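Please treat every number below as a calculation from the coordinates, not as lab data. Keep in mind it's a predicted model, so treat the numbers as computed, not measured. Please note: Cβ atoms are built from the backbone with ideal geometry, for glycine as well, and neighbour counts cover all protein chains shown.
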Amino acid sequence: MDQFKDKVAVVTGGGSGIGRALVLALAREGARVVLADVDEAAMDGVAREARGLGVEALTVRTDVSDLGQVQALAERAWQAFGGVHVLCNNAGVALWGGLERATHRDWQWAIGVNLWGVIHGVETFVPRMIAAGEPGHVVNTASMAGLIASQGLGVYNTTKYAVVGLSETLAKDLKPYRIGVSVLCPMGVETRIRESERSRPAALRNERGPAGAEVELIGRYLAPDVVAGMVLDAVRRNELYVITHDEGLEPLRRRFERMQQSIANRKKA
């Protein structure tokens, strides 16, 4: 896709952070936007900002871990606008602590939002997008934590590695349909993701509190609008990876060097 004017874009987690920035960046380009979030007040505020830019904006309260709610989101989008061209599976939560201390509730919550949320978006929206026969694009928000493992981020790493793998395969599967795929892998971004517990369902909360201290990320913290601009540029160029920080190159290089060394060691044995 090389332009967004008069297209329809759906953004989950659209009430704050990267999601809000994506909504407003798309609105500035003339796209009609559908916002999904569990925080209705925040979502309504972003929708007002989008309408102030001269585009239509629809809000749908959506818990992406619930397939039925994502299906309802798609139905509302099609009813309102007749189609969807850009799908941003962006909703996500973060949690910290060693895997040896992770609870079943931790796994349920993180996988439900970070992975099932993306899966629900793909299985609900993509068949409709294919049936429409128009060019489109899917953006899945992962993380640099989906490419590089960090101690104390094991549950989060697991979900984000899965999103990267899903996206890499989805890009191959959707190529015949003129639907591109990008996977967003940021490092530090100035968002409220460190406050994810605010949206954790009561049934999935840990009575004993967090499993560990927050992990400090290396490198700069970027403004969400900077990241959103990178995403739109990647969509225009149909680029798979959106790696936002130059600081990520060195740990990526070390990771693949270790893989290369493993093969070299095997050949020497």
*asked:* Using Cβ counts within 10 Å as a stand-in for footprinting exposure, how do Phe125, Phe81 rank, fewest first?
replied: Phe81, Phe125
*Order by neighbour count: Trp116, Trp78, fewest other Cβ atoms within 10 Å first, most last.*
Trp78, Trp116
_Within-12-Å neighbourhood charge of Leu204 [Cβ basis; K, R +1; D, E -1]_ = -1
*What spacing in nm lies between the two simple spin-label points modelled at Glu40 and Asp246, each 7 Å away from Cα in the Cβ direction?*
4.6 nm
*Compare the Cα positions of Thr158, Leu115, Val138 along the charge dipole of the chain (+1 at Cβ of Lys, Arg; -1 at Cβ of Asp, Glu; about the Cα centre) and return the one farthest towards the positive end.*
Thr158
*If you average the sequence gap of Cα pairs under 8 Å that are 6 or more apart and divide by the length of the range 8-268, what percent do you get for the contact order?*
19 percent
*Using the Cα centre as the reference, give the magnitude of the dipole from point charges on the C-beta atoms of the chain (Lys, Arg: +1; Asp, Glu: -1; all else neutral), rounded to the nearest 20 debye.*
740 debye
*Expressed as an acute angle from 0 to 90° and rounded to the nearest 10, what is the orientation of the C-alpha long axis of helix 154-174 relative to the principal long axis of the chain?*
60 degrees
*asked:* Using the Kirkwood radius over C-alpha pairs as Rh, can you work out the diffusion coefficient of the chain via Stokes-Einstein at 4 °C, viscosity 1.567 mPa s, in µm² per second?
replied: 69 µm²/s
*Quick one: of the DSSP bridges fully inside the chain, what percent are antiparallel, nearest 5?*
0 percent
*Volume in Å³ per residue [convex hull over Cα atoms, computed for the range 94-224]*: 118 Å³
*Lys pairs in the chain, Cα-Cα under 25 Å, at least 8 apart or on separate chains: how many?*
5
